[in-house]
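Enquirer: One structure is given below, represented as structure tokens, and several questions about it will come after.
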Amino acid sequence: MELLKFTKRYLSLNVAVMLIFSVAARSQSVPTGQIRGVIIDKASKQPLAGASLAIKESPLSVTSDSSGKFAISGLKQGYYSMVVSSVGYQEKVLNDIRVYANKANYIEIELTAAVANLDSVTIKAYKYENSPLTPVSTYGFSREEISRNPGAQGDIFRAIGMLPGVSSSGGEYSAIAVRGQGTRDNIYMVDDIPLTEVGHLEGGPGGFNDPNGGRFSIFAPRVIDNAEFQGGGFAAQYGRRSASFLGLGIKEGNKIDPIIDGQLDLLGFTLNYDGPSYFDKKTSLFVSARYQDFTALVNVINKKDIGIPRYGDLVIKSVTQIDRRNKLSFISILSPEQYTRGVNNVVQDKDLNDLGVVDSKKNKWVLGINLRTLTGKTSYLKNILFFTRSTIDNASGMAYPQTDSAGHLIDAGQIFHNDTIMKINYAETKVGYRSIYSVNFAGRSKLVTGVDVDRVTLSNYRHLSQPDTSYMYNSSDISNNPLQYYYVSDTAHFNARFNGSAFDVSAYAEYSFLLWRHLTINTGLRWDYTGFCQQHLFSPRFSASYQLNAASSLNASAGIYYQDPVYSEIADQPVDKKLREEKVIQYIVGYKNYFTPDLKLTVEGWYKDLSSLVVRPLSESSEQNNLGTGWAAGVDVSLTKRLAKNLHGQISYSYMQSRRDDHDGRGEYNFEFNQPNQVNVLVSYQKGKHWILSSKFRYATGKPTGSYIVHANVFDSGTFKRYSEEVSGKNDLRLSDFISLDVRADYSMQIRKFGLTVFMDIVNILNRANENAQEFNPITGRVYYDGLGIFPTFGIKAAF
């Protein structure tokens, strides 16, 4: 009740603030700004002269000059949609282009060549994502679409969580699981740099260690300029993960005018600089700094028992147009975080469900240099040099409160605790190089070749100071002693030290060509060598797109995808044990149709055969093997309404089954992300120039969980009584269904030189405690379910 009262109070406060700003905005005269930029060919990266650009909301239109540059002036501050067209290219519409008063918003626009068998008039009508070189399951997000997605709170991963075939772990998580696989199975490319960890407070050795993945991404709101997501069937250029591909482009600095914007909200602040570098006239600069502290939030939602997470992100990107042919970009990311949970937090848990204490520090670094060179009129070469490093320093222990027979705390001021039962120090460093060459042949075929080389260095120290007792265990964990109703982690078995390094090398080629007039064939072959696994593997891939007419197409793909073991798990294995690559064979068929230029239907069926999966024979042991097999299958349906006349939205439904077999004698079982039915509905409405209102509804079948048996007084003691839970079934039951309604409201205005936006973004406004996992209290013998209810944030964004 207190939480609901507080929610009502801050909703009323924010609405009042919005209304006050609304009155203030009406009294101000609004100066104008402009949109400037350059038009280039997406395939060759060459500038396009003579392209037409028209603003939907006004009669203004211009044409790009001989170097592809354009400028549209006299625009009042606000959001605009722009139509870009050129002979021989698909028409493109850019929505949500932000114009600031007395500023120029600089953008680069890539146009895709027209499908050869369609006339130019038809191409102009059906324009969105109409590329036969990508599978049906390709979705794009702009910077503004990410920012306004309700419940996403500006996080690209939370925005993607509503796409068909994608499972997110609820309002408190941002990590995604795609089409029957896990959160660690996705390819992430950031400005062509491969990253394995893109989240804060995510699973791994120490801290939050669970399969649900991270809570927040390392990218603050409005850092990502564009995103391309493929739920499967991606090309041979991308490998070492098998579920999906997500390519992220970090915002490039505005080459014309500096724009400074910031956000102050319940969690902390974000400050961005987007403009010229001033040290070189050919160089632009984008800088984003963010700091988040959850102290205020846990007080608001009355969750002081969870501990205090804190994290920050510093992103710097510079882009230099060296000359007409060469463009150089530099990127740097620093992402520190800390999570602490002490005895005081244990006391705040009235049921004493979680007795753990944690002090965890993590750091992530990314450095990258990307040189793009135009090698001819239809070809270009990209060379990328990068460095990534992730470190973990984790100490965890246990509190031992005295309780009465009902499990109630006797004395909160006298709780014995050991803070360092387990110590983990882990470091993962990668230095790599990528070279990618792309060439088009007369607009009818395309060749992409490339090579990736990197050296990975791992350091892992694990130390358990005393035997650790687990009161929640699987039946198979104690098969040697059926009368022992708990599991003891032995120090000799747990303690380990690993230091090692290895080279990974990949080479790939993709060739796409038009056959007859309606059929496009895409073929690819990838070779990978993985040093830690000492394996050479080939991955053939094939896809095709048949254009039925201007509005619809059929697509299909098939391929083999190999996946590296997680580096931290490689470092956990005994010296004489080597994990091998996991193997996934994918088959996809799909249909796409545009009812109108802004209303698209996609239907896609898919099947996966999984083998050599990494599995853990004992749940409490770090040792693993590659005995796992499995399969996954499903159908995804999506109806997408692009922004037109201030309204856009999406409705999607996914049916999925995902089954695994660890070959440990327990048979086939539901994979942890097997959620057969998923429904997502998003609606966003822009009212006038000031208000943007949006809402998102999500439903998913509850996650699998195991049946269990509770054992009482497992030590047969008269003074120290403890219960234990023996998980007897392997994901044979389910948690409650996931249901969440997210809402967001933005009110924007211009006051003199300042652009201001007041917003509130609420995850799970229904305050439904969605269950993420089944947990057990050994003091009371009761089962409880981990999950979070309402997750609100609100604040002010300013730009000038």
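The values are calculated or read from the model by the stated rules, or taken from the named source; none is laboratory data. What you see is a predicted model, and the numbers here were worked out from it, not measured in a lab. Counting neighbours? That spans all protein chains shown, and the Cβs are built from the backbone with ideal geometry, glycine included.
Yes/no matrix, rows are residues, columns are (1) modelled with pLDDT of 95 or more; (2) under 16 Å from Leu458 (Cα atoms):
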{"residue": "Gly500", "(1), (2)": "no, yes"}
{"residue": "Ala507", "(1), (2)": "yes, no"}
{"residue": "Leu514", "(1), (2)": "no, no"}
{"residue": "Gly524", "(1), (2)": "yes, no"}
{"residue": "Ser539", "(1), (2)": "yes, no"}
{"residue": "Ala550", "(1), (2)": "no, no"}
{"residue": "Glu582", "(1), (2)": "yes, no"}
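Enquirer: How many residues are crowded, with 19+ Cβ neighbours inside 10 Å and under 25 Å from the mean Cα position of the chain (by Cα) when one looks only at the stretch 593-613?
Expert: Number of matching residues: 7.
Enquirer: On to the next question. Which residue pairs have Cβ atoms under 6 Å apart, sit 6 or more places apart or on different chains, and have a first residue in the stretch 703-725 that is buried (at least 17 other Cβ atoms within 10 Å of the Cβ) and a second that is modelled with pLDDT under 90 and not in a loop (DSSP other than H, G, I, E, B)?
Expert: The qualifying pairs are Thr705/Gln774; Glu725/Met472.
Enquirer: Do you know which residues across the stretch 312-326 are modelled with pLDDT under 95 and either part of a strand (DSSP E or B) or in contact with a helix residue (DSSP H, G or I) (Cβ under 8 Å, 6 or more places away or on another chain) (or both)?
Expert: Scanning the stretch 312-326 gives a single hit, Gln321.
Enquirer: Residues of the stretch 242-283 being of a type in the set (Ser, Thr, Tyr), in contact (Cβ under 8 Å) with a residue 40 or more places away in the chain and surrounded by fewer than 22 Cβ atoms within 10 Å (Cβ to Cβ), which ones? Walk me through it before giving the result.
Expert: Of all residues in the stretch 242-283, those of a type in the set (Ser, Thr, Tyr) come to 242, 244, 270, 273, 277-278, 283.
Next, from what is left, pick out any that are in contact (Cβ under 8 Å) with a residue 40 or more places away in the chain: 242, 244, 270, 277.
Selection gives Ser277 alone.
Enquirer: I need the full set of residues from the stretch 444-477 which are within 30 Å of Ile521 (Cα to Cα), hydrophobic (A, V, I, L, M, F, W, C) and buried (at least 16 other Cβ atoms within 10 Å of the Cβ), in order please.
Expert: Step one: list which residues in the stretch 444-477 are within 30 Å of Ile521 (Cα to Cα), which gives 444-453.
Still in the running and hydrophobic (A, V, I, L, M, F, W, C): 447-448, 451, 453.
Passing the criteria: only Val448.
Enquirer: For residues that are surrounded by fewer than 21 Cβ atoms within 10 Å (Cβ to Cβ) and in a loop (DSSP other than H, G, I, E, B), scanning just the stretch 209-236, find the one that is modelled with the lowest pLDDT.
Expert: In this case the residue turns out to be Asn209.
Rundown of residues vs (1) modelled with pLDDT under 80; (2) charged (D, E, K, R); (3) outside any strand (DSSP E or B), yes/no style:
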site: Val83; (1), (2), (3): no, no, no
site: Val87; (1), (2), (3): no, no, yes
site: Asn102; (1), (2), (3): no, no, yes
site: Val115; (1), (2), (3): yes, no, yes
site: Val121; (1), (2), (3): yes, no, yes
site: Lys124; (1), (2), (3): yes, yes, yes
site: Glu145; (1), (2), (3): yes, yes, yes
site: Ser167; (1), (2), (3): no, no, no
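Enquirer: Which is in contact (Cβ under 8 Å) with a residue 60 or more places away in the chain and farther than 17 Å from Tyr238 by Cα, of Tyr508, Tyr461, Tyr487? Outline the logic, then answer.
Expert: Details: Tyr508 fails: farther than 17 Å from Tyr238 by Cα; Tyr461 fails: in contact (Cβ under 8 Å) with a residue 60 or more places away in the chain.
Of Tyr508, Tyr461, Tyr487, the one residue that is in contact (Cβ under 8 Å) with a residue 60 or more places away in the chain and farther than 17 Å from Tyr238 by Cα is Tyr487.
Enquirer: Residues of the stretch 744-773 being surrounded by fewer than 19 Cβ atoms within 10 Å (Cβ to Cβ) and either at positive phi or assigned to a strand (DSSP E or B) (or both), which ones?
Expert: The answer is Ile751, Arg752, Phe754, Leu756, Asn767, Ala773.
Enquirer: Residue pairs, Cβ under 6 Å, 6 or more apart or interchain, first in the stretch 181-200 and at negative phi, second of a type in the set (Lys, Arg). List them.
Expert: Filtered contacts from the stretch 181-200: Asp185/Arg241; Asn186/Arg241; Ile187/Arg241.
Enquirer: Among the listed residues Tyr653, Tyr685, Tyr708, identify the single one that is among the aromatic types (Phe, Trp, Tyr), at negative phi and within 21 Å of the chain's Cα centre (by Cα).
Expert: On the way: Tyr685 fails: within 21 Å of the chain's Cα centre (by Cα); Tyr708 fails: within 21 Å of the chain's Cα centre (by Cα).
The unique qualifying residue is Tyr653.
Enquirer: Take the conditions among the hydroxyl-bearing types (Ser, Thr, Tyr), farther than 30 Å from Ile333 by Cα and touching a residue at least 40 places away in the same chain (Cβ under 8 Å) and apply them to Ser445. Does it pass? Write out each step before concluding.
Expert: Values: among the hydroxyl-bearing types (Ser, Thr, Tyr): yes; farther than 30 Å from Ile333 by Cα: yes; touching a residue at least 40 places away in the same chain (Cβ under 8 Å): yes.
For Ser445, the condition - among the hydroxyl-bearing types (Ser, Thr, Tyr), farther than 30 Å from Ile333 by Cα and touching a residue at least 40 places away in the same chain (Cβ under 8 Å) - is met.
Condition check ((1) crowded, with 19+ Cβ neighbours inside 10 Å; (2) part of a strand (DSSP E or B); (3) over 36 Å from the mean Cα position of the chain (by Cα); (4) charged (D, E, K, R)) across all residues:
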residue	(1), (2), (3), (4)
Ala43	yes, no, no, no
Ser66	no, no, yes, no
Gly74	no, yes, yes, no
Tyr80	yes, yes, no, no
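Enquirer: I need a count of the residues in the stretch 680-698 that are assigned to a strand (DSSP E or B) and buried (at least 16 other Cβ atoms within 10 Å of the Cβ). Quick ask: steps written out before the conclusion?
Expert: Within the stretch 680-698, the first condition is being assigned to a strand (DSSP E or B), and the residues that meet it are 680-687, 691-698.
Then keep just the ones that are buried (at least 16 other Cβ atoms within 10 Å of the Cβ); that gives 680-684, 686, 692-698.
Total meeting the criteria: 13.
Enquirer: Mind checking which residues of the stretch 349-386 are of a type in the set (D, E, K, R), touching a residue at least 60 places away in the same chain (Cβ under 8 Å) and within 30 Å of Asn302 (Cβ to Cβ)? If you could, list the steps in order and put the result at the bottom.
Expert: Here is the first cut: in the stretch 349-386, the residues of a type in the set (D, E, K, R) are 349-351, 354, 359, 361-362, 364, 372, 377, 382.
Subsequent filtering for residues that are touching a residue at least 60 places away in the same chain (Cβ under 8 Å) retains 351, 354, 359, 362, 364, 372, 377, 382.
Those that are of a type in the set (D, E, K, R), touching a residue at least 60 places away in the same chain (Cβ under 8 Å) and within 30 Å of Asn302 (Cβ to Cβ): Asp351, Asp354, Asp359, Lys362.
Quick grid of which residues meet (1) under 25 Å from Gly450 (Cβ atoms); (2) crowded, with 21+ Cβ neighbours inside 10 Å:
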position: Gln338; (1), (2): no, no
position: Val343; (1), (2): no, no
position: Asp349; (1), (2): no, no
position: Val357; (1), (2): no, yes
position: Lys362; (1), (2): no, yes
position: Ile369; (1), (2): yes, no
position: Lys382; (1), (2): yes, no
position: Leu385; (1), (2): yes, no
position: Asp393; (1), (2): no, no
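Enquirer: When you look at Arg666, is it surrounded by fewer than 22 Cβ atoms within 10 Å (Cβ to Cβ), assigned to a strand (DSSP E or B) and charged (D, E, K, R), yes or no?
Expert: It is false that Arg666 is surrounded by fewer than 22 Cβ atoms within 10 Å (Cβ to Cβ), assigned to a strand (DSSP E or B) and charged (D, E, K, R).
Enquirer: In the stretch 697-717, is there at least one residue being at pLDDT 90 or above and under 18 Å from Gln153 (Cβ atoms)?
Expert: yes
Enquirer: Run Ala152 past the list (1) touching a Ser or Thr at 6+ places or on another chain (Cβ under 7 Å); (2) modelled with pLDDT under 85; (3) not in a helix (DSSP H, G or I) and report the number of the one that doesn't hold.
Expert: That leaves (1) as the condition not met.
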